[in-house]
1. Does Ser262 satisfy being part of a loop (DSSP other than H, G, I, E, B) and surrounded by 19 or more Cβ atoms within 10 Å (Cβ to Cβ)?
2. Could you check Leu218 against (1) free of Cβ contacts under 8 Å to residues at least 60 places away in the same chain; (2) of a type in the set (A, V, I, L, M, F, W, C); (3) assigned to a loop (DSSP other than H, G, I, E, B); (4) surrounded by 19 or more Cβ atoms within 10 Å (Cβ to Cβ) and say which number it fails?
3. Mind listing whichever residues of segment 14-65 are surrounded by fewer than 13 Cβ atoms within 10 Å (Cβ to Cβ), in a loop (DSSP other than H, G, I, E, B) and modelled with pLDDT of 95 or more?
4. I'd like the full set of residues that are within 14 Å of the chain's Cα centre (by Cα) and aliphatic (A, V, I, L, M), limited to segment 104-119.
5. Considering only residues that are under 13 Å from Gly192 (Cβ atoms) and of a type in the set (S, T, N, Q), which ones fall in segment 219-263?
6. When only residues in segment 179-197 that are among the aliphatic types (A, V, I, L, M) and not in a helix (DSSP H, G or I) count, which is farthest from Val37 (Cα to Cα)?
7. In a helix (DSSP H, G or I), free of Cβ contacts under 8 Å to residues at least 40 places away in the same chain and surrounded by 20 or more Cβ atoms within 10 Å (Cβ to Cβ), is that true of Ala227?
8. In this structure, is Leu200 outside any helix (DSSP H, G or I), of a type in the set (A, V, I, L, M) and surrounded by fewer than 18 Cβ atoms within 10 Å (Cβ to Cβ)?
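The values are calculated or read from the model by the stated rules, or taken from the named source; none is laboratory data. Note that this is a predicted model, so its numbers are computed, not measured. Here the Cβ positions follow ideal geometry from the backbone for every residue, glycine too, while neighbour counts run over all protein chains shown.
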Amino acid sequence: MLDAWTGKISNGNKLHDTKPKNALPLVSKERKEQTIVWVKDVAIGGNEAIVIAGPCSVESREQVVSTALSIKQNGAVMLRGGAYKPRTSPYDFQGLGREGLQLLREAGDIADLPVVTEIMSEEDVEIVCDYADMLQIGARNMQNFALLKKLAKTDKPILLKRGASATVKEWLSAAEYILHGGNENVVLCERGIKTFDNSLRNTLDLASVALVKEMTHLPVIVDPSHAIGKRSLISAAAKAAIAVGADGVIVEVHPQPEIALSDSAQQLTFQGFAEMMDNLQSPLRTISRQNELAICF
């Protein structure tokens, strides 16, 4: 039986530990120095920082295909887009579901980009795996343990976003669930946390990126779109993320953000994304991690 005070299982007069000495043995840097997660031919966690981009929500074929072609032309290596949208209000746009997945897959194929999309429910695992190259666990589902365990049994790379009020330990513990279940292809994503300051949508915790890079072998990317929530600051935040050691950024891009069905204030225009990519270039060529850091094009 389990001893409530010691956290150990008693067997007669013997007690057996139920936990390893290191609470995070699988994600810890003590286990290995660095993991590179491959999404088709895209390497996340190597010497090159990568850029993932695309619309918040897949709204139409024209919207997502034009976005995919534009971001590819300007240097993005993966396409993101939401088919199932977790929204605070039940009256907000919830996504196109399966049709959205089909359009996202088509756009990725046309632009020759791997695609990543959010999965919200255990029931949707099979269908999302049919269309996506990488599965995103959103901030609201970071501690959906049943979903974590199910995704741990898939062979798809996982993008695990930090919960809006999650500590670094809770975030890494969620990753531990996935590795413990058998899937070691996990990329962590800092997307801002809730603090007392309401000047922006969230507070971008760049110190946590440096800390997690020190603690774990898993790649870490940053989502400045959700962390900032303000289009004019995305480029600066993306540059800061790479400078502090992030393995890449994921940003939202839309052909006409002002009419987007979700998150219009934080989506970059095509021109804005091109300018962001230009701004990410020359300063980064002088920054060193272990060797030389470059943006992946």
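1. When the stated conditions are applied, Ser262 passes them.
2. Looking at each condition in turn, Leu218 falls short on (1).
3. The answer is Asp41, and nothing else.
4. Within segment 104-119, Val115, Val116, Ile119 qualify.
5. The answer is Ser225, and nothing else.
6. Checking each candidate, the answer is Ile193.
7. On the way: in a helix (DSSP H, G or I): yes; free of Cβ contacts under 8 Å to residues at least 40 places away in the same chain: yes; surrounded by 20 or more Cβ atoms within 10 Å (Cβ to Cβ): yes.
So Ala227 fits the description; yes.
8. yes
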